[in-house]
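Visitor: Dropping the structure in here first, questions after.
The values are calculated or read from the model by the stated rules, or taken from the named source; none is laboratory data. Everything numeric in this text was worked out from a predicted model, so none of it was measured. Because the Cβ atoms are built from the backbone with ideal geometry, glycine has one as well, and the counts that use them run over all protein chains shown.
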Amino acid sequence: MCKFEDIDFDDLWLETKAKRTKAKASSAKRKHVLRLGRGGWSGLKRKKGFIWPQLESSYEELKGLQNPRSKLYLMGYAKINKETKMYELDDDTFQKGGALVNDYVI
């Protein structure tokens, strides 16, 4: 059984602070961030009929994509353009999407 007198809270605080600093640095390196919102994947599935047609109209290459999981993956990275109010993909994400299409088209 652990007693509070035995715990060195200064060491515990320094360890927690180091972990938090490392996590922030790792998070800052991420280029591709999912944009699911508070609804998560299930909320995104409900918006599928709204988001996917906008992506298909903007990117002709995505029309050949038939796998529902691949579509959901790309929709998770889509973001709204504030000027046009349409969903779009980042350039890197779009290149990944093109690779998905090329892998599945026979």
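Visitor: Can you confirm whether region 16-31 contains a residue that is in contact with a helix residue (DSSP H, G or I) (Cβ under 8 Å, 6 or more places away or on another chain), of a type outside the set (Gly, Ala, Ser) and surrounded by 12 or more Cβ atoms within 10 Å (Cβ to Cβ)?
Guide: Step one: list which residues in region 16-31 are in contact with a helix residue (DSSP H, G or I) (Cβ under 8 Å, 6 or more places away or on another chain), which gives 31.
Subsequent filtering for residues that are of a type outside the set (Gly, Ala, Ser) retains 31.
If we keep only those that are surrounded by 12 or more Cβ atoms within 10 Å (Cβ to Cβ) as well, we get none.
No: zero hits.
Visitor: Now a separate question. What are the pairs with Cβ atoms under 6 angstrom where one residue, in region 10-37, is of a type in the set (A, V, I, L, M) and the other, located anywhere, is surrounded by 10 or more Cβ atoms within 10 Å (Cβ to Cβ)? Sequence gap at least six, or different chains.
Guide: Close Cβ pairs satisfying both conditions: Leu34/Gly76; Leu36/Leu44; Leu36/Gly76.
Visitor: When region 1-37 is examined, which residues are found to be over 30 Å from Gly76 (Cα atoms) and outside any helix (DSSP H, G or I)?
Guide: Selection gives Met1, Cys2, Lys3, Ile7, Asp8.
Visitor: Restricting to region 38-92, name every residue that is under 14 Å from the mean Cα position of the chain (by Cα), part of a helix (DSSP H, G or I) and aromatic (Phe, Trp, Tyr).
Guide: Passing the criteria: Trp41, Tyr73.
Visitor: Return a yes/no flag: does region 57-66 have any residue that is hydrophobic (A, V, I, L, M, F, W, C), touching a strand residue (DSSP E or B) at 6+ places or on another chain (Cβ under 8 Å) and in contact (Cβ under 8 Å) with a residue 24 or more places away in the chain.
Guide: Start the filter on region 57-66 by keeping residues that are hydrophobic (A, V, I, L, M, F, W, C), which leaves 62, 65.
Right, trim to touching a strand residue (DSSP E or B) at 6+ places or on another chain (Cβ under 8 Å) and you get none.
No, the conditions are met nowhere in region 57-66.
Visitor: When region 24-48 is examined, which residues are found to be among the basic types (Lys, Arg) and more than 25 Å from Asn67 (Cβ to Cβ)?
Guide: So in region 24-48, the residues among the basic types (Lys, Arg) come out as 24, 29-31, 35, 38, 45-48.
Hits for region 24-48 are Lys24, Lys29, Arg38.
Visitor: May I ask you to list the residues in region 72-106 that are loosely packed, with under 12 Cβ neighbours inside 10 Å, under 15 Å from Arg35 (Cβ atoms) and modelled with pLDDT under 85?
Guide: Matches in region 72-106: Asp92 only.
Visitor: Which of (1) at pLDDT 85 or above; (2) surrounded by 10 or more Cβ atoms within 10 Å (Cβ to Cβ) is the odd one out, the single condition Arg69 does not satisfy?
Guide: Among (1) at pLDDT 85 or above; (2) surrounded by 10 or more Cβ atoms within 10 Å (Cβ to Cβ), the lone unmet condition for Arg69 is (2).
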